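> Before we start, here is the structure in question, set down as structure tokens.
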Amino acid sequence: MKPFIAFLAGQRVFLALLAICTAFSLLTFESTLPEGAAAGEQVAHRLLANHPEGSFRVLLAQTHSPEDIAFGNRAMEILKDRGVVVEIAQSPSETRDFAESGKPFVALIATGQAQSWPILDRFALPRYSPESSSWPIFLQKSNLLNIASQISVIAIIAAGMTLVIMTGGIDLSVGSVIALAAVVCTRLIRDCFGGADAGAVAMAFAGCLAIGVGGGVGWASGAIITYCSVPPFIATLGTMLVASGLAFQVSKGQSVYQVPDSFTWLGREAVGGIPVVVVVTFVLFGIMAYLVKATVLGRYILATGSNPVAAHLAGVPVQRVQRVVYATSGALAALGGVILASQLKSGAPTYGQMYELFVIAAVVVGGTSLSGGQGSVWGTLVGALLIGVIQNGMNLMGMESYTQKIVLGLVLLAAVLMDRFRRS
Amino acid sequence: MNPSSLLLELSNIRKSFGSADVLKGVDFSLRHGEVVGFLGANGAGKSTLMRILAGIIPYDSGRMALQGLPYFPNSPVEGLKAGIAIVHQEFSLVNTLPIADNIFLGREIHQWGRIQKALQYQATLQTFSRLGSSLDPGRTVSSLRTGEKQIVEIARALLHQSKVLILDEPTAALSPAEGENLFRIVKELSSEGIGVVYISHRLEEIDRLADRVVVLRDGKIVFNEPKGVSKRNNIITAMAGREINEQIPRPNFKGTHNPPLLSALGLGRRPLIHDVDLAIRPGELIALTGLVGSGRTELLRLLSGIDAPTSGQIHWKGKPFPPLGPGCAIEQGIAFLPEDRKDQGLFLNHGARSNVSISVLDKLAKGKGLLRRIPARAEMGLFTEMAGLLGLHPSDPNLPSGRFSGGNQQKLLLGRIFASRPSLLLLDEPTRGVDASARQDIYRILVEAAAKGASILFATSEFSEAILLGQRIVVMRHGTIAADFPNDTDLTTEDLMQHAVSEIR
């Protein structure tokens with residue numbers, strides 16, 4: 001964690017991330033009405049503060065929406081303790097009935113959604129509604145968690161890609177490996193481990209097998225690159241097509257969705273308020289950063305990328321390092337595929353299309369040089385966050401997806417240009 | 001055309017790269033139809049002068065005139081248009097295109113945007129017949145032999161109506177028969193009035209072809225005599241120059257009768273190395289010298305296990321040497337210092353410490369696994385030790401190696417080598433591009449290492465350095481060992497030059 005913070009302090013990408021977060025916070029700054037239980041609690045307390053005597057009758061206007069029901073339940077709970085009689089009107093017509101019944105209401109409570117019913121004006125009573133507050137949508141907890149879950153797949157795969165790019169290579173097959181791993185994992189669960197009744201251990205085993213398949217595809221790329229001296233771009237273009245074809249064959253071109261509900265634990269659940277995927281991502285980045293910084297392998301990776309001829313002459317097993325790195329990239333892409341399948345509760349051969357581009361963009365934006373030999377694992381995490389945040393912010397602002405593509409492309413180019421300027 | 005009139009005239013041409021003065025006022029002239037044999041030891045400034053002539057690089061000061069008119073080319077194309085053509089050692093042909101297309105590359109004959117292939121073919125054919133060659137202009141360049149490619153290059157120069165033809169080491173890669181054909185062509189062209197600058201290390205060729213011999217040394221013309229007057233020995237003396245006035249306390253080698261650490265028998269690797277017999281004994285400091293292209297680097301790479309031999313055998317500590325990679329060789333105690341430290345040695349953007357430790361990470365981590373942790377303290381200790389041993393300046397472990405001076409970059413690489421505690425050091429040009437004081441440091445380090453029992457074989461293109469430092473001197477010529485003798489008599493650089501040039505293959 002300490003190196004992570006030290007790294008952040010010296011990073012331009014991180015500053016860019018902060019700037020963009022601030023910009024989106026300001027741009028999505030909107031007055032919102034509190035909803036749900038919290039709002040009900042707030043309104044009930046305000047009412048009691050003005051009528052401390054208790055034991056009176058109020059009318060509560062609410063819609064059928066879950067938020068409003070939560071609102072009503074919570075408000076009623078508090079008010080009943082103080083002997084307040086709460087009558088509930090769940091539609092404008094019910095409200096009219098109450099207005100005409102002539103019951104002695106002391107006050108009127110309306111949820112945010114019910115507040116605009118014209119019928120409420122028939123009551124000459126003090127009205128209690130949630131007070132609107134101003135808070136950026138972007139910074140709402142639900143949105144931030146949403147970003148974290150969304151980028152975790154890209155970030156995990158980008159961790160492997162960082163190693164590949166540090167050796168001066170590239171891995172285009174990760175998108176296809178996502179799909180392959182997703183269908184292998186879900187098919188194993190469906191056909192070998194009992195489908196919707198599969199147990200946790202069986203599912204974990206299926207996930208590990210899928211990761212093994214992904215690692216195998218990556219190792220194959222590495223073997224083609226090293227044993228046959230094929231440029232990484234071409235070799236992984238080949239394995240990309242093969243893996244994608246295999247994904248369609250394994251799934252017979254269909255989605256596989258006969259998996260237990262608990263399969264979504266990995267992708268959707270949270271431990272102690274933090275989504276599992278976020279925990280996985282951080283643990284993984286910690287391991288990767290240690291690997292690059294402190295181990296023999298990390299040093300060999302950087303040496304290979306910096307000057308392969310010199311590395312070879314200095315005794316670095318350059319080819320073995322390359323195979324290890326591509327296998328790692330494949331395995332992590334497969335892990336990403338399993339997580340994606342868990343998030344979507346199904347596996348389909350169309351998953352992961354174009355992901356390789358986002359992943360490469362995250363690595364490059366994070367400051368790892370495409371010419372190899374230099375880079376930072378934590379930078380990749382920040383790069384993935386930056387891309388996730390930009391996408392999310394544009395979605396919140398209602399930008400068209402075409403425009404979003406243009407913006408992402410420009411961000412990538414800007415990152416590469418910055419890299420050039422830093423060097424010269 | 002007046003045959004005695006000056007075709008090309010250079011006066012007081014100067015050129016420096018950074019702080020290094022490469023050309024220090026060169027005066028040179030060439031007449032119509034004259035063949036000038038142009039000589040100079042490695043690094044004398046020949047290529048720089050020729051590149052200036054061809055317009056590839058600009059000169060700092062001086063004056064050039066072509067047929068009496070000022071000549072200052074800004075690009076190779078301008079040089080070519082003015083009439084100066086250079087045929088480099090490495091050819092600049094597009095291998096996948098036919099000969100005729102290559103010759104007309106960049107100035108195709110065309111009409112309405114359509115290339116007139118037939119016309120180009122005819123013109124090429126005519127030029128070839130002028131050169132006495134029967135090559136078919138429709139053949140693809142990749143199918144040609146080296147000598148034929150050279151003819152294509154010359155034909156291309158002629159089609160530009162070149163007045164001056166510069167041939168840079170033209171016979172280096174030719175068979176004797178191809179060489180003969182080239183000599184005929186050169187004579188033919190000179191009789192047509194073309195001035196030829198013939199650069200070569202081979203005195204026999206110069207004797208046969210040149211009307212005049214010019215020697216460049218340390219950026220100046222030191223010898224300029226018509227043929228006949230110029231005696232071979234005078235030329236060699238002019239090329240070699242005086243010896244460096246520096247002394248290194250070099251202890252004599254006493255272990256001549258010990259069994260060799262490494263011995264090579266009939267060692268060869270096609271096409272550059274053949275029939276090398278060599279024995280290196282423990283504690284011996286040997287200089288390996290010879291002219292450019294004589295095979296020094298290739299021999300070192302064979303001995304260090306980087307390249308596998310195609311013939312012969314190497315014995316290491318009395319046992320046959322399996323074909324190994326560099327990693328294995330380092331483990332066995334054989335260390336190799338590449339000639340080009342930027343391309344083959346350093347990780348320029350990495351810190352000094354990781355540049356030094358890269359070959360011994362296994363040892364530092366006390367095991368072979370890739371996932372082992374590098375102990376930071378042990379690595380730092382190694383760096384401090386090497387920096388102290390070599391006098392590295394600055395001894396900053398985190399400074400990227402690209403930011404060190406040339407001499408200190410070399411020390412970093414020597415540090416990497418010494419870190420692996422080798423028993424045999426194979427060093428390719430350890431003092432190239434190194435300033436005088438770092439050079440002294442490196443000499444001292446090597447002498448000390450040899451005194452402590454390490455065997456050192458270092459390649460150098462400077463004969464004076466070989467004499468200064470080597471207890472034994474091995475001279476290579478045309479891919480094999482031409483001479484191998486102890487450095488105990490009063491050797492001069494001329495003696496070495498004699499061994500290095502000698503006769504045509």
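The values are calculated or read from the model by the stated rules, or taken from the named source; none is laboratory data. The structure presented is a predicted model; accordingly, all values stated were derived computationally and were not measured. All Cβ positions, glycine included, derive from the backbone under ideal geometry; neighbour counts span all protein chains shown. All accessible areas refer to the heavy atoms of the entire protein, side chains included, with ligands and DNA or RNA removed. Shrake-Rupley method; radii C 1.70, N 1.55, O 1.52, S 1.80 Å.
> What is the list of residues in the stretch B:289-319 whose amide nitrogen lies under 13 Å from a point 7 angstrom out from the Cα of B:Leu389, following Cα to Cβ?
none
> Given a 1.4 Å probe, how much area per residue of chain A is accessible, in Å²? Walk me through the numbers on the way to the answer.
Numbers: 18670 Å² over 424 residues.
In whole numbers, chain A has 44 Å² accessible per residue.
> Place a point 7 Å from Cα of B:Thr310 in the direction of its Cβ. Which residues in the stretch B:252-280 have their backbone N less than 20 Å from it?
From the stretch B:252-280, the list is B:264-278.
> So, one more: What number, in percent, do you get for the relative contact order of chain B if the mean sequence gap of Cα pairs under 8 Å and at least 6 apart is divided by its residue count?
Details: 972 pairs, mean separation 77.0, N = 505.
For chain B, the relative contact order is 15 percent.
> Enter the angle in degrees (range 0 to 90, nearest 10) between the Cα long axis of helix B:406-419 and the first principal axis of the Cα atoms of chain B, meaning the one along which they spread out most.
Its long axis makes an angle of about 40 degrees.
> Separate question: With a sphere of radius 15 Å drawn around the Cβ of A:Thr63, what net charge do the other residues whose Cβ falls strictly inside it have (Lys, Arg +1; Asp, Glu -1)? Let's see the in-between values first.
On the way: positive: none; negative: A:Glu35, A:Glu67, A:Asp68, A:Glu94.
Local net charge: -4.
> Tell me the carbon and sulfur percent of the accessible area for chain A, rounded to whole percent, probe radius 1.4 Å.
Working: 11870 of 18670 Å².
For chain A, the apolar C and S fraction of the accessible surface comes to 64 percent.
> Using 7 Å Cα-to-Cβ label points, what is the B:Arg139/B:Gln126 separation (nm, one decimal)?
The modelled label-to-label distance comes out at 2.3 nm.
> Say R0 is 56 Å: what FRET efficiency, to the nearest 0.05, do A:Ala38 and A:Leu237 get from their beta-carbon distance? Intermediate results must be reported in sequence, preceding the final value.
Working: r = 52 Å, r/R0 = 0.93.
Step by step, r from the Cβ atoms, then E = 0.60.
> Could you tell me which of rounded, prolate or oblate describes chain B, using a ≥ b ≥ c as the square roots of the eigenvalues of the alpha-carbon gyration tensor, with rounded for a/c under 1.5 and, failing that, prolate when a/b is larger than b/c and oblate otherwise? Don't skip to the end; give the middle numbers.
On the way: a/c = 1.88, a/b = 1.75, b/c = 1.08.
Prolate.
> Given R₀ = 30 Å, FRET efficiency for A:Gln254-A:Ala200 by Cβ-Cβ distance, to 0.05? Write down the numbers at each step before the final one.
Numbers: r = 25 Å, r/R0 = 0.85.
The pair A:Gln254/A:Ala200 has a calculated efficiency of 0.75.
> For the protein assembly as shown, what Kirkwood radius comes out of the mean inverse Cα-Cα distance, in Å?
On the way: mean 1/r = 0.0293 Å⁻¹.
Taking the inverse mean of 1/r over all distinct Cα pairs, the protein assembly as shown comes out at 34.2 Å.
> Next question. Kindly express, to the nearest 10 degrees and within the range 0 to 90, the angle between helix A:66-81's C-alpha long axis and the longest C-alpha principal axis of chain A.
Once rounded, one gets 50 degrees.
> Apply the Karplus curve 6.51 cos²θ - 1.76 cosθ + 1.60, θ = phi - 60°, to the phi angles in the stretch B:121-130 and return the couplings in whole Hz, x for Gly and Pro.
Here the 3J(HN,Hα) series is 4, 4, 4, 5, 4, 4, 4, 4, 5, 5 Hz.
> Could you tell me the center-to-center distance, by alpha carbons, between the stretch A:318-337 and the stretch A:16-48 in angstrom?
What the calculation gives is 43 Å, centre to centre.
> Please report the buried accessible area for the interface of A with B, total over both chains, probe 1.4 Å, in Å² to the nearest 100. Numbers along the way, then the final one.
Details: alone 19780 and 23230 Å², together 40810 Å².
Interface between A and B: roughly 2200 Å².
> Rounded to a whole number, what % of the accessible area of chain B do carbon and sulfur atoms account for, probe 1.4 Å?
The value for chain B is 52 percent carbon and sulfur by accessible area.
> Also, quick follow-up: Residue by residue, what Karplus-based ³J(HN,Hα) values in Hz, rounded to whole numbers, does the stretch A:389-400 have, using 6.51, -1.76 and 1.60 with θ = phi - 60° and x for Gly and Pro?
Once rounded to whole Hz, the list reads 5, 4, 4, 4, x, 5, 4, 4, 7, x, 6, 5.
> OK, next. Relative to the longest principal axis of chain A, what angle (0 to 90°, nearest 10) does the C-alpha long axis of helix A:200-227 take?
40 degrees
> Something else: Where does the charge balance sit around B:Gln161 when Lys and Arg score +1, Asp and Glu -1, over other residues with C-beta under 15 Å from its C-beta? Spell out each step's value before the answer.
Details: positive: B:Lys81, B:Arg107, B:Arg130, B:Arg156, B:Lys163; negative: B:Glu78, B:Glu192.
Computed value for this residue: +3.
> Measure of size requested: the Rg and Dmax of chain A, with Cα atoms as the atom set and Å as the unit; please supply both.
27.5, 96
> Expected output is a single nm value to one decimal: the length gained when fully extending between B:His110 and B:Thr146, i.e. 0.36 nm times separation in residues minus the C-alpha distance. What is it?
10.0 nm
> Among A:Gly222, A:Gly199, A:Gly375, determine the one that fluctuates most according to a GNM of chain A built with springs between C-alpha atoms less than 10 Å apart.
Answer for the Gaussian network model of chain A: A:Gly199.
> Given H placed 1.01 Å from N in the peptide plane, which residues other than close sequence neighbours of A:Ala270 have an amide H under 5 Å from its amide H?
Those lying under 5 Å, H to H, from A:Ala270 are A:Val276.
> Which whole-number percent is the relative contact order of chain A (Cα, under 8 Å, 6+ apart)? Before the final figure, lay out each step's value.
Values: 756 pairs, mean separation 94.4, N = 424.
RCO, chain A: 22 percent.
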